[in-house]
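> Input: one structure, supplied below.
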Amino acid sequence: MEKTQDAKIVDLAIRLLFLGLFLYSALVMVAPLASVVIWATILCVALYPVFDWLQGKLGGRKSLAATILVLLGLVLTLGPIATAVSGAAELGSDFAEQADSGELKIPPAPEGIKELPLVGSKIADVWTMFERNLDGALAKYGAQILEITKSLFGRVLGIGIGLLGLALSVIIMGALFSPGPNLVQGLQRFANRVFAPRGGEFVTLAGATIRNVTKGVIGVAAIQAVVVWILLAVFGIGSAATLAFVCLILSIIQIGPGLVLLPVAIYAWSSMSGGAALVFTILAVPVAIMDSFLRPVSISKGLETPMLVILIGVLGGMMAYGLIGIFMGPVLFAVFYELFKVWIDASPDTAEAVEGAAE
């Protein structure tokens with residue numbers, strides 16, 4: 001009898017060992033794609049209403065609707081990479097041709113740069129040095145320029161890799177649209193086993209939170225970037241589109257366009273008339289803070305979860321997990337809040353009844 005029991009224990013240990021090795025191997029293979037799959041899920045949940053509307057307009061052709069959304073997503077993700085690579089290649093070719101012909105020259109410093117507060121005179125002196133004696137300036141500042149170039153190249157490369165990963169997420173998103181409802185039902189059944197009896201409600205809450213965060217973070221950031229672009233274009237600020245895109249990124253990561261608008265306002269006071277600079281500054285202030293009013297309204301609309309809980313989740317998730325944490329944070333925090341509320345609201349009698357039913 002004892003040998004039989006020992007044999008059963010050994011047999012169970014061997015089975016658990018092989019099961020653990022199988023699970024470990026599966027996790028090792030899936031881990032590099034975890035962020036891609038999470039982004040694909042977030043995009044699918046956020047854009048599913050658009051997909052549902054589009055396939056309705058196309059006569060129920062789900063494959064065509066998913067293909068259109070995937071193509072639009074690839075244009076938005078791969079388009080900036082193609083543009084940047086093309087621009088860098090053209091710039092490098094022009095630079096090489098000018099260097100070979102001995103015609104490489106630095107243009108004069110822009111007018112009014114010397115009047116910039118604190119750093120204007122220093123920038124003008126360095127610019128003049130590069131303009132008049134390029135070889136000497138490179139010999140003096142070459143090491144610093146090389147370090148800055150390496151840092152910028154690393155950051156640009158990281159952004160490019162991130163966009164490629166996002167493009168892969170867009171493709172996976174397209175494959176998730178059609179089986180989406182069945183996947184949600186399966187996830188609700190799983191959640192009911194874990195968080196019975198309200199697991200399905202938590203899945204629905206997570207989906208609604210992702211959609212609201214998408215509207216409140218990315219939607220508001222896009223509106224703010226468009227307003228910044230219009231403001232800069234009206235006042236004749238150069239590179240208005242580029243600065244607006246930078247504002248879009250800063251708004252998404254919860255920094256805001258103030259880092260762009262403040263230097264532009266300083267430049268406006270040094271290059272425009274006093275009246276025009278004053279009008280620009282007065283208009284720039286509400287544009288810089290408009291997200292503070294629009295974002296809470298967009299995020300909390302239609303949700304029973306308090307707005308403060310969602311905002312804490314957005315900020316905490318971003319600091320803990322980066323950009324993807326903007327979506328993961330509020331979902332996790334909202335579910336935690338609902339679980340905590342259920343636990344607080346449950347009376348001792350209810351808890352004893354639940355334990356008795358479980359037994």
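> Answer yes or no as to whether Leu205 is surrounded by 15 or more Cβ atoms within 10 Å (Cβ to Cβ), out of contact with any Cys (no Cβ under 7 Å at 6 or more places or on another chain) and closer than 25 Å to Ile282 by Cβ. Quick ask: steps written out before the conclusion?
On the way: surrounded by 15 or more Cβ atoms within 10 Å (Cβ to Cβ): yes; out of contact with any Cys (no Cβ under 7 Å at 6 or more places or on another chain): yes; closer than 25 Å to Ile282 by Cβ: no.
Judged against the criteria, Leu205 is not a match.
> Touching a Pro at 6+ places or on another chain (Cβ under 8 Å), surrounded by 15 or more Cβ atoms within 10 Å (Cβ to Cβ) and small (Gly, Ala, Ser) - does that describe any residue in the range 307-325?
Yes, the range 307-325 contains a residue that is touching a Pro at 6+ places or on another chain (Cβ under 8 Å), surrounded by 15 or more Cβ atoms within 10 Å (Cβ to Cβ) and small (Gly, Ala, Ser).
> So for the range 30-48 (the condition being more than 30 Å from Leu205 (Cβ to Cβ) and either outside the structural domain of Leu69 (by TED's automatic domain parsing) or surrounded by 10 or more Cβ atoms within 10 Å (Cβ to Cβ) (or both)), does at least one residue qualify?
Checking the range 30-48: not a single residue is more than 30 Å from Leu205 (Cβ to Cβ) and either outside the structural domain of Leu69 (by TED's automatic domain parsing) or surrounded by 10 or more Cβ atoms within 10 Å (Cβ to Cβ) (or both).
> In the range 209-236, which residues are over 18 Å from the mean Cα position of the chain (by Cα), part of a helix (DSSP H, G or I) and surrounded by fewer than 23 Cβ atoms within 10 Å (Cβ to Cβ)?
Of everything in the range 209-236, those that are over 18 Å from the mean Cα position of the chain (by Cα), part of a helix (DSSP H, G or I) and surrounded by fewer than 23 Cβ atoms within 10 Å (Cβ to Cβ) turn out to be Val227, Trp229, Ile230, Leu231, Ala233, Val234.
> Outside the structural domain of Gly258 (by TED's automatic domain parsing), part of a helix (DSSP H, G or I), aliphatic (A, V, I, L, M) and at pLDDT 80 or above: is that true of Ile172 in this structure?
Criteria met by Ile172.
> Among the residues of the range 237-256, which ones are part of a loop (DSSP other than H, G, I, E, B) and either within 19 Å of Ala46 (Cα to Cα) or of a type in the set (S, T, N, Q) (or both)?
Of everything in the range 237-256, those that are part of a loop (DSSP other than H, G, I, E, B) and either within 19 Å of Ala46 (Cα to Cα) or of a type in the set (S, T, N, Q) (or both) turn out to be Ser239, Ile253, Gln254.
> With respect to Val194, is the statement that it is buried (at least 18 other Cβ atoms within 10 Å of the Cβ) and among the aliphatic types (A, V, I, L, M) true?
Criteria not met by Val194.
> In the range 267-276, which residues are in a helix (DSSP H, G or I) and surrounded by fewer than 18 Cβ atoms within 10 Å (Cβ to Cβ)?
Ser270, Ser271, Gly274, Gly275, Ala276
> Please state which one of Ala40, Ala34, Ala26 is at pLDDT below 80 and within 18 Å of Gly174 (Cα to Cα).
Exactly one residue qualifies, and that residue is Ala34.
> What residue, of Val279, Val297, Val260, Val264, is within 20 Å of Gly219 (Cα to Cα) and either outside the structural domain of Met328 (by TED's automatic domain parsing) or surrounded by 13 or more Cβ atoms within 10 Å (Cβ to Cβ) (or both)?
One residue alone meets the criteria, Val260.
Conditions (1) over 30 Å from Leu166 (Cα atoms); (2) not hydroxyl-bearing (Ser, Thr, Tyr), marked per residue:
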| site | (1), (2) |
| --- | --- |
| Pro257 | no, yes |
| Leu261 | no, yes |
| Trp269 | yes, yes |
| Ser273 | yes, no |
| Phe280 | yes, yes |
| Val309 | no, yes |
| Leu323 | no, yes |
| Met328 | no, yes |
| Leu339 | yes, yes |
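The values are calculated or read from the model by the stated rules, or taken from the named source; none is laboratory data. Remember, predicted model here, so these are calculated numbers, not experimental data. Note that each Cβ is placed from the backbone with ideal geometry, even for glycine, and that neighbours are counted across all protein chains shown.
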